[in-house]
Amino acid sequence: MIRQLIKNSVKNVSDYNGYTKEQCEQMQYIATLLFFELIKLISIILIFSVLGYFKESIIIIVVMSFTKPFIGGYHEETQIKCLIASLLITTGVIELSLHSKLSFVSNCILIAISLFCIWNTAPVINSKMPITRPSIIKKNRLLGITISIMFGIISIGLYHYSDLYEFITWTILFQAMLMFNKKGV
């Protein structure tokens, strides 16, 4: 029902502006994706806010939102499964961050391992949304690696000032682990 509403709305805009069928389909895909991603993000933030982890969930979502589109990795087939997987990942990161304090060296090692995996694997191409142009693949790889390195540096820099560094480190590690998808995305 929601998909049909989005599809019809985008078709009306496309028809009015004289877009091609291909442009219309691209816009429908993007609008649908953005709508469901927004619902997922709001749901995660609301759930973890009620549990007292607003700030932590925001950090996790920011790191995931800035890295995953460029490094690729694990995807679910449905929006519900994606929401559940995202809730489990967020819960895992929060639990690890709150109950296992990393030393400075351990933090650096986890970041280095994560960056090594990202460097050697990114971007993981999703067969349902394949990127075929080598220039886009190269651009995504560079962006994914650069953004991941920046978050790694932020985590290391925050070590002596805030416990929030652990949320960044564990999120980067989870993102790196999820690049090795058993389904072969």
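The values are calculated or read from the model by the stated rules, or taken from the named source; none is laboratory data. Predicted, not measured: the structure shown is a model, and the values here were computed from it. Glycine gets a Cβ as well: all are built from the backbone with ideal geometry, and neighbour counts include every protein chain shown. Ligands, DNA and RNA are excluded from the accessible area calculation, which covers all protein heavy atoms including side chains. Shrake-Rupley method; radii C 1.70, N 1.55, O 1.52, S 1.80 Å.
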At 222 nm, what value in deg cm²/dmol follows for the chain if DSSP H runs of at least 4 each add -39500 (n - 2.57) and the sum is divided by all its residues, to the nearest 500?
-26500 deg cm²/dmol
Could you check the spin-label model distance between SER100 and SER135? Points 7 Å from the Cα along Cα→Cβ, value in nm.
4.3
For the stretch 105-119, just list the computed ³J(HN,Hα) in residue order, Karplus coefficients 6.51, -1.76 and 1.60, θ = phi - 60°, integers in Hz, with x standing in for Gly and Pro.
5, 4, 4, 4, 5, 4, 5, 4, 4, 4, 5, 4, 5, 5, 4
Given LYS7/LYS55; LYS11/LYS81; LYS21/LYS138; LYS11/LYS55; LYS7/LYS81, the pairs whose alpha carbons are separated by over 30 Å:
LYS7/LYS55; LYS11/LYS55
Can you give the extra length, in nm with one decimal, that the chain gains between GLN23 and ILE39 once fully stretched, where that is 0.36 nm per residue apart less the Cα-Cα distance?
3.3 nm
Restricting to Cα pairs below 8 Å that are 6+ residues apart, what does the relative contact order work out to for the chain? Please round to a whole percent.
29
For a quick check: with amide H placed at 1.01 Å from N, whose amide H comes under 5 Å from VAL124's, ignoring anything fewer than 5 positions away on the same chain?
GLY72, GLY73
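Let's test the formula: R0 of 30 Å, r as the Cβ-Cβ distance of ALA112 and CYS82. What FRET efficiency results, to the nearest 0.05?
FRET efficiency, ALA112 to CYS82: 0.55.
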Just tell me which aspartates and glutamates come within less than 13 Å, Cα to Cα, of LYS68; anything on the same chain fewer than 8 places away is out.
GLU37
Along the stretch 27-35, Karplus-curve 3J(HN,Hα) (6.51, -1.76, 1.60; θ = phi - 60°) to the nearest Hz, with x for Gly and Pro, reads 5, 5, 4, 5, 4, 5, 4, 4, 4
Rounded percent of accessible protein surface that carbon and sulfur make up, the chain, 1.4 Å probe
70
